[in-house]
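Step one of this worksheet: look at the structure below.
Since every read-out is calculated from the coordinates, none of them should be taken as a lab result. Since we're looking at a predicted model, the values are computed, not measured. Every residue, glycine among them, receives a Cβ derived from its backbone with ideal geometry; neighbour counts consider all protein chains shown.
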Amino acid sequence: MAEGQNPAAQTWFLVNRSKVQGAAFFDDACFDYYQLRLLNCLKVYQVQLHAYVLQPSAAWLLLTPGMPRAMFSMLDFVNGCYSEYFNQRFERNSAVFPSRPFLAIVDNAKLLLDCQKMIECWPLASGATDHPGLYRWSSYSANAFGGRPRFLTRHRFFEQFIHTTENPMERYRDFVATPFGADRLAELERRLLPSAGAG
């Protein structure tokens, strides 16, 4: 892939991991600032966001850019804004995130659903909360309870999955609540996560 390019209309799992010592997001204000910038940029840059979670040291995103360079252009802007905020607030002088994130292409329905599940399970799996719906910086509540916020776009594979039952949201909540098998989880981590681990 050429520098700064991303094929349009393909879906990507993206890990934007902090490169500063310590956490990228120290408190609620940090999480809120980054989340607000990210969500408000989607329409401008023509990027569809399907699922996300903000961790203390990383952002995991599942998205589909509508134009070449759109995904990287959006990230450059969001990360730049956040670095400026972070440096001013904490008297630092560094880019919080690397110039290019870790990327993996998502090219089939099973992988898409597992990526979305992995993202939205993180707050529970990590011990950040007792229920993923209580975590403020995640797409889980919108996807699991039928909310249609203006920033989130349901992927066609997700739409197909939930509309095969009379209780689509319940089916998705059950899907997320069912733990991955050990082999599948290990396979996903090898394929999707940087070598530093899950953050």
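Couplings 3J(HN,Hα) of the range 157-166, computed from phi: 5, 5, 4, 4, 5, 6, 8, 9, 8, 6 Hz, in residue order, whole Hz [Karplus 6.51 cos²θ - 1.76 cosθ + 1.60, θ = phi - 60°; x for Gly and Pro]. Projecting the Cα atoms of ALA58, SER99, ASN87 onto the charge dipole of the range 11-103 (Cβ charges, centred on the Cα centre) puts SER99 farthest toward the positive pole.
Normalising the Debye intensity of the chain to I(0), with uniform scatterers on Cα atoms only, and taking log10 at q = 0.10, 0.12, 0.13 Å⁻¹ returns -0.40, -0.58, -0.68.
Among the GluC sites (Glu not before Pro) found in the range 57-153, those both in a DSSP coil and sparsely packed, with 12 or fewer other Cβ atoms within 10 Å of their Cβ, are GLU91. If you wrap the tightest convex hull around every Cα atom of the range 82-199 and split its volume per residue, you get 150 Å³. Note on LYS110: aspartates and glutamates with a C-alpha under 19 Å away, same-chain residues under 8 apart excluded, are GLU120, GLU159, GLU170, ASP174, ASP183, GLU187, GLU189. In plain terms, the chain from VAL44 to ALA109 could stretch by 20.7 nm, reckoned as 0.36 nm per residue minus the Cα-Cα distance. The slack in the chain from ARG184 to SER99, taken as 0.36 nm per residue of separation less the alpha-carbon distance, amounts to 27.6 nm.
For chymotrypsin sites (Phe, Trp or Tyr not before Pro), the sites in the range 21-125 that DSSP calls loop and that have at most 15 other Cβ atoms within 10 Å are PHE26. Rounded to the nearest 20 debye, the dipole magnitude of the range 11-103 is 300 debye, with +1 charges on Lys and Arg beta carbons, -1 on Asp and Glu beta carbons, and the Cα centre as origin.
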